[in-house]
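Trainee: To start, I am sharing the structure in question, which I have written as structure tokens.
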Amino acid sequence: MTTTTVHDPAGTRRGGAALPALAGIGALAAFAGAAVTFADPLRGARTPAEVAERLADSSAPLTGLLLAVYAVLAIAVLGGLAARLPDSGAVRVLPVLGAIHLLLLTVAYTAPGAAVTVGTQVLDTGVTPAAAETALVIANIGHPLASIFGCAFLVAVAIAARGAKVLVGVSIVFAVGLALPPVGWAVTYLMAFWFAGVGIWLWRRA
């Protein structure tokens with residue numbers, strides 16, 4: 001008795017094509033979870049001591065973990081996009097700029113959680129005012145830099161995806177938003193929707 005193995009390349013392609021969409025939706029879910037868990041515990045704090053006290057009682061470590069998950073899944077979408085677009089100079093720098101944007105954003109959001117983790121689990125000193133102040137400094141440096149590199153990343157996407165009008169248009173709108181200081185911080189949060197949309201776009205185009 002013999003058995004015959006039937007390979008289904010089409011089914012394999014369909015399954016693989018869905019991965020960017022799943023990664024994009026997962027990235028959006030992780031970012032939404034991070035936004036909900038953080039809930040701005042520092043609002044109203046005026047001194048490093050007040051910031052340290054509020055951080056100690058916050059869910060900042062969980063927020064940092066969710067942001068790390070967001071970054072990993074978003075980078076997976078970046079890989080799928082770079083593989084999909086025709087090879088060019090813009091495509092080569094696209095993953096680098098996107099990864100830097102995500103790394104800076106993750107550092108900005110994980111700094112408060114790191115201060116809590118180090119103070120409570122490593123040094124057993126609690127969150128000190130100095131650690132809280134340092135975390136805020138890192139966050140306020142990382143966030144605007146993430147906006148700058150995010151803008152450069154989206155410009156590279158627009159150049160590399162000249163044949164995809166929808167992707168180019170949406171990327172330009174997001175790039176302009178990131179370049180405007182009054183709204184750049186808010187557009188940085190909305191980038192999770194961009195990654196989710198691109199993941200779905202890659203799936204539908206496969």
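Trainee: Would you point out which residue out of V91, V51 is β-branched (V, I, T), part of a helix (DSSP H, G or I), under 18 Å from T117 (Cβ atoms) and touching a helix residue (DSSP H, G or I) at 6+ places or on another chain (Cβ under 7 Å)? Give the derivation first.
Mentor: Numbers: V91 fails: under 18 Å from T117 (Cβ atoms).
Of V91, V51, the one residue that is β-branched (V, I, T), part of a helix (DSSP H, G or I), under 18 Å from T117 (Cβ atoms) and touching a helix residue (DSSP H, G or I) at 6+ places or on another chain (Cβ under 7 Å) is V51.
Trainee: If a residue must be crowded, with 17+ Cβ neighbours inside 10 Å and part of a helix (DSSP H, G or I), how many such residues does segment 54-64 contain? Even if it seems obvious, please write down each step before you answer.
Mentor: To start, the set of residues in segment 54-64 that are crowded, with 17+ Cβ neighbours inside 10 Å comprises 54-56, 58-61, 63-64.
This time we only want the ones that are part of a helix (DSSP H, G or I), so: 54-56, 60-61, 63-64.
So the answer is 7.
Trainee: Answer yes if at least one residue in segment 127-148 is closer than 17 Å to V72 by Cα and under 17 Å from the mean Cα position of the chain (by Cα), and no otherwise.
Mentor: Step one: filter segment 127-148 for residues closer than 17 Å to V72 by Cα, giving 146.
From the residues that got through so far, the ones that are under 17 Å from the mean Cα position of the chain (by Cα) too are 146.
For segment 127-148, residues closer than 17 Å to V72 by Cα and under 17 Å from the mean Cα position of the chain (by Cα): present.
Trainee: Just checking, which of V173, V118 is under 20 Å from L67 (Cβ atoms), out of contact with any helix residue (DSSP H, G or I) (no Cβ under 6 Å at 6 or more places or on another chain) and free of Cβ contacts under 8 Å to residues at least 24 places away in the same chain? Even if it seems obvious, please write down each step before you answer.
Mentor: Details: V173 fails: under 20 Å from L67 (Cβ atoms).
Selected residue: V118, the only one of V173, V118 that is under 20 Å from L67 (Cβ atoms), out of contact with any helix residue (DSSP H, G or I) (no Cβ under 6 Å at 6 or more places or on another chain) and free of Cβ contacts under 8 Å to residues at least 24 places away in the same chain.
Values in this text are rule-based calculations from the coordinates and carry no lab data. All values reported here derive from a predicted model rather than from experimental measurement. Glycine gets a Cβ as well: all are built from the backbone with ideal geometry, and neighbour counts include every protein chain shown.
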